[in-house]
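The values are calculated or read from the model by the stated rules, or taken from the named source; none is laboratory data. Because the structure is predicted, anything quoted here is derived from the model rather than measured. Cβ sites come from the backbone with ideal geometry, for glycine too, and all protein chains shown count toward neighbours. Only protein heavy atoms, including side chains, enter the accessible area calculation; ligands, DNA and RNA are left aside. Shrake-Rupley method; radii C 1.70, N 1.55, O 1.52, S 1.80 Å.
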Amino acid sequence: MTSPAGTPLNWTNRLVQLGPDFYTRLHPTPMGAPVWASRNTKLLQSMGWPLDLLDDPALWAGNALLPGSVPLATVYSGHQFGVWAGQLGDGRALWLGEASSDQGPQEIQLKGAGRTPYSRMGDGRAVLRSSIREYLCSEAMHGLGIPTTRALCLVASPQPVMREEMETAAVVTRVAPSFLRFGHLEHFAARNQMDALRTLADHVIKHHLPEAHERAQAWHGNVYAGLLDEVQQRTATLLAQWQAVGFCHGVMNTDNMSLLGLTIDYGPFQFMDGFDPGHICNHSDTQGRYAYGRQPNIAYWNLYCLGQALLPLIGDQDLTVQVLEGYKTVFPRALGDAMRSKLGLTGDLAPEDLREADWTLVEDLLQLLATERTDYTIFWRRLSQSMAAGWWDDPGATDAWQSVDDLFLDRARWQAWRQRYRERVGAADPLALGQAMLHTNPKFVLRNHLAEVAIRQAREGDFSEINRLLDLLHSPFDEHPGMQAYAGFPPDWAGQLEISCSS
Ligand code: AMP
Ligand code: MG
């Protein structure tokens, strides 16, 4: 393995100091003939990393090592589809190290860089199809302002990889302050390795969630209860953001839940087209465990698993349950706030005593959207545009409102709702609300069919669509004149796309 020239990163690699109980050190497996599919220079620049870092695709295919990196795969366990799955671990993600950046220390991971001791039956590879989806969706989420792991670059290769059919390999480089998951703590708790459990929890608190100390004050100074509380609150906030934007994760197993409250492990995810609380985006999820409407409860279930893992450190079952109970307050409040801001009902407009009335307004709207399977993203965007033009009897706003009316078959029900909304807004200026709503309700989300077009072209060697989408999704609230087609209804063929766990 060669060490390339170029400006080195400044590595801290604090995870390595935990010791060999937590990981296995090994090198990536080289991948044949790597070529660039995409480089995220925006992320590179925001990190303050040198531009020449992304000169050589061999580095990001795992064919050469960045000077100072200490490649390793971490061990974790987890509950998959509601069942304890035992040891899992980084089966194809290789941790390169933790590098200083303008955004604080960042861990860098190659996903798809070959087998590890945790690969089990897997080949350690990721296919181009799923790598494009992960690469784009990570950045789309960031563009939406939702906490997520980031994606630095994407390398493709002609190397064959067998899934349902023959595909080709790719490596996506992920960046995050930490890739630690609920499953990392579950692993050591399940094995009764109490020293390791404490070491890892202390590492998380010290380096990633120092907020645990402040939270502990509400829990008799118990810092591990504080840790659980912090994770609980971050998870609740994340779930509120997912629900508000219509995002389905698809595989909310505890090994896919970030301790930092980041969206992590993009697989069969989907931004919903027509609104349907029962929507299942993962073709492999036959029971609908991870249906859109169930996500908040599943997150709570997952937090219980985390609570169980932390219980030996917290040392008090009642206290642990009490901390977890907080989710039942934090989540609805965060969701209520997110939905109200989608309606422009923020700040002075929503004094405390209006929360409940506003929630009824939101629920009635969601029921209407569900009955009509109204396109979720298009509805919110058109509503925002209409508000930015005025009320429907304002001559300048008629067309805009007509475009919302056109989304509903049951016009009378819709118009009754919009009248209630108008009464709620009262004397406030709809134009100002509309402007705020245009920054809350995105014009562009990574719908399945948009990713699919990029995938089909990339398979033919043309990566330009990936870069076009990356640009668009970095600023999904902007109008992007000329890109209207990317904000339209999904084509008929989108309904036939089957997205599964296969990746
Ligand atoms: P996921 O369903 O992608 O969250 O993966 C669950 C577990 O399977 C994790 O431990 C992954 O590292 C592992 N895994 C998934 N796909 C592969 C693969 N192709 N090779 C090795 N391990 C894999
Ligand atoms: Mg995973």
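Please enumerate the residues belonging to region 414-427 that are surrounded by 11 or more Cβ atoms within 10 Å (Cβ to Cβ) and more than 34 Å from the chain's Cα centre (by Cα). Within region 414-427, 415, 416, 419 meet the criteria. In the list 346, 329, which residue meets the criterion of being of a type in the set (S, T, N, Q) and over 30 Å from residue 200 (Cβ atoms)? Unique residue meeting the criteria: 346. Filtering region 18-51 down to residues that are part of a helix (DSSP H, G or I) and at pLDDT 95 or above, which residue is surrounded by the most Cβ atoms within 10 Å (Cβ to Cβ)? Among those that are part of a helix (DSSP H, G or I) and at pLDDT 95 or above, it is 43.
Kindly evaluate residue 73 against the criterion of being open to solvent by less than 40 Å² (accessible area, probe 1.4 Å) and either of a type in the set (Phe, Trp, Tyr) or not assigned by TED's automatic domain parsing to the domain that holds residue 472 (or both). Answer is yes for this residue. When residue 169 is tested against (1) surrounded by fewer than 24 Cβ atoms within 10 Å (Cβ to Cβ); (2) of a type outside the set (Ser, Thr, Tyr); (3) more than 16 Å from ligand 2 (Cβ to nearest atom), exactly one condition is not met: (1). Based on this model, can you work out whether residue 431 counts as open to solvent by 10 Å² or more (accessible area, probe 1.4 Å), within 17 Å of residue 272 (Cα to Cα), without any contact (Cβ under 8 Å) to a residue 60 or more places away in the chain and not assigned by TED's automatic domain parsing to the domain that holds residue 156? Spelling it out, it is not the case that residue 431 is open to solvent by 10 Å² or more (accessible area, probe 1.4 Å), within 17 Å of residue 272 (Cα to Cα), without any contact (Cβ under 8 Å) to a residue 60 or more places away in the chain and not assigned by TED's automatic domain parsing to the domain that holds residue 156. Scan region 266-282 and give yes if some residue there is under 11 Å from residue 252 (Cβ atoms), of a type in the set (Phe, Trp, Tyr) and crowded, with 19+ Cβ neighbours inside 10 Å, otherwise no. Within region 266-282 (the criterion being under 11 Å from residue 252 (Cβ atoms), of a type in the set (Phe, Trp, Tyr) and crowded, with 19+ Cβ neighbours inside 10 Å), the answer is yes, since at least one residue qualifies.
Looking across region 231-252 at every residue that is within 16 Å of ligand 1 (Cβ to nearest atom) and out of contact with any helix residue (DSSP H, G or I) (no Cβ under 8 Å at 6 or more places or on another chain), the one that is most open to solvent (accessible area, probe 1.4 Å) is identified as 251. Among the residues of region 316-347, those identified as in contact (Cβ under 8 Å) with a residue 12 or more places away in the chain and more than 18 Å from residue 232 (Cα to Cα) are 339, 340, 341, 342, 343, 344, 345, 346. When restricted to residues that are of a type in the set (S, T, N, Q), open to solvent by 70 Å² or more (accessible area, probe 1.4 Å) and modelled with pLDDT under 95, region 457-500 contains 1. Residues in region 140-150 that are of a type outside the set (A, V, I, L, M), under 21 Å from residue 257 (Cβ atoms) and more than 16 Å from ligand 1 (Cβ to nearest atom) were compared, and the one that is least open to solvent (accessible area, probe 1.4 Å) is 150. None of 233, 243, 270 is among the polar types (S, T, N, Q) and farther than 25 Å from residue 491 by Cα except 233.
Within region 117-131, can one find any residue that is within 16 Å of ligand 2 (Cβ to nearest atom), of a type in the set (Val, Ile, Thr) and surrounded by 17 or more Cβ atoms within 10 Å (Cβ to Cβ)? Yes, some residue in region 117-131 is within 16 Å of ligand 2 (Cβ to nearest atom), of a type in the set (Val, Ile, Thr) and surrounded by 17 or more Cβ atoms within 10 Å (Cβ to Cβ). Scanning region 262-285 for residues being of a type outside the set (A, V, I, L, M), modelled with pLDDT of 95 or more and either more than 16 Å from ligand 2 (Cβ to nearest atom) or outside any loop (DSSP other than H, G, I, E, B) (or both) gives a total of 10. Can you tell me which residue within region 76-91, out of those that are farther than 15 Å from residue 109 by Cα, open to solvent by 10 Å² or more (accessible area, probe 1.4 Å) and part of a loop (DSSP other than H, G, I, E, B), is nearest to ligand 1 (Cβ to nearest atom)? Step by step, filter region 76-91, then rank; the result is 76.
In summary, residue 409 fulfils each of the numbered conditions (1) assigned by TED's automatic domain parsing to the domain that holds residue 362; (2) part of a helix (DSSP H, G or I); (3) not polar (S, T, N, Q) with the single exception of condition (2). Looking only at residues in region 102-116 that are over 20 Å from the mean Cα position of the chain (by Cα) and open to solvent by less than 20 Å² (accessible area, probe 1.4 Å), the one that is farthest from ligand 2 (Cβ to nearest atom) is 114. Looking only at region 230-261, residues that are assigned to a loop (DSSP other than H, G, I, E, B) and under 20 Å from residue 178 (Cα atoms) come to 8 in all.
The numbered conditions (1) among the hydrophobic types (A, V, I, L, M, F, W, C); (2) open to solvent by 20 Å² or more (accessible area, probe 1.4 Å); (3) under 26 Å from residue 463 (Cα atoms) are all true for residue 94 except (2). Restricting the first member to region 118-140 and to residues that are not assigned by TED's automatic domain parsing to the domain that holds residue 22 and at pLDDT 95 or above, and the second to residues that are near ligand 1 (Cβ under 9 Å from one of its atoms) and among the β-branched types (Val, Ile, Thr), no beta-carbon pair is closer than 6 Å while six or more apart or on different chains. Taking region 286-315 as the range and being part of a loop (DSSP other than H, G, I, E, B) and away from ligand 2 (no atom under 16 Å from the Cβ) as the test, the residues that pass are 286, 287, 288, 291, 315.
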